[in-house]
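These notes are about the structure you will find just below.
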Amino acid sequence: MKKIYVMVMTLFVALAGFSQATTNTTPTKDVNSQIEFKNDTYSFGKITFGKPVEYIVEMKNIGKDSLSILNAQPGCGCTTPSFKPNEKFGPGQTVKMTIRFNGSVIGAFTRYTDVYFTGGLTKKFTFSGEGVQEIPATAPATATQKINTKN
């Protein structure tokens with residue numbers, strides 16, 4: 001019985017030790033001090049359900065070192081980022097990323113893409129809009145009523 005008690009207590013102490021949170025002493029780099037973004041937050045407004053849309057994010061290197069995009073991770077399968085992986089852009093240079101959305105939403109939506117750069121820099125691009133059903137074009141009204149002339 002004592003052995004079981006000692007094993008349970010040892011297990012409890014070990015698990016309690018692993019559950020302690022560690023503090024990150026590495027300072028995080030501010031991506032906005034290295035890269036200037038255009039359209040990192042974008043609104044499509046109203047879009048037709050099922051019709052793909054896209055927009056372009058421009059990124060200008062305002063730092064002193066060359067950078068490159070390592071990866072772009074969309075928040076869902078309805079979003080597709082398009083860029084040249086590992087393409088270097090030096091100080092003063094601009095690169096572009098096209099973000100496509102398949103339009104598979106009715107109602108308000110917000111989606112995002114996490115972008116990872118060299119040097120430990122990351123940025124979240126977000127876009128929003130409202131998916132609406134396409135309103136069918138209406139044909140001109142025609143008179144189809146028969147008038148009964150027999151009394």
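The values are calculated or read from the model by the stated rules, or taken from the named source; none is laboratory data. Remember, predicted model here, so these are calculated numbers, not experimental data. Here Cβ is always computed from backbone atoms with ideal geometry, including for glycine, and neighbour counts include all displayed protein chains.
Summary of values
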quantity	calculated
In the stretch 90-111, the residues that are aliphatic (A, V, I, L, M) and touching a residue at least 40 places away in the same chain (Cβ under 8 Å)	Met97, Ile99, Val105, Ile106
Number of positions in the stretch 56-77 that are loosely packed, with under 14 Cβ neighbours inside 10 Å and touching a helix residue (DSSP H, G or I) at 6+ places or on another chain (Cβ under 6 Å)	0
Single residue of Thr122, Thr94, Thr113, Thr80 found to be at pLDDT 95 or above, polar (S, T, N, Q) and surrounded by fewer than 13 Cβ atoms within 10 Å (Cβ to Cβ)	Thr94
Any pair with Cβ under 7 angstrom, 6 or more apart, that starts in the stretch 64-89 at a residue that is over 21 Å from Val105 (Cα atoms) and of a type in the set (D, E, K, R) and ends at one that is in a loop (DSSP other than H, G, I, E, B) and at pLDDT 95 or above	Lys64/Pro91; Lys88/Ser66
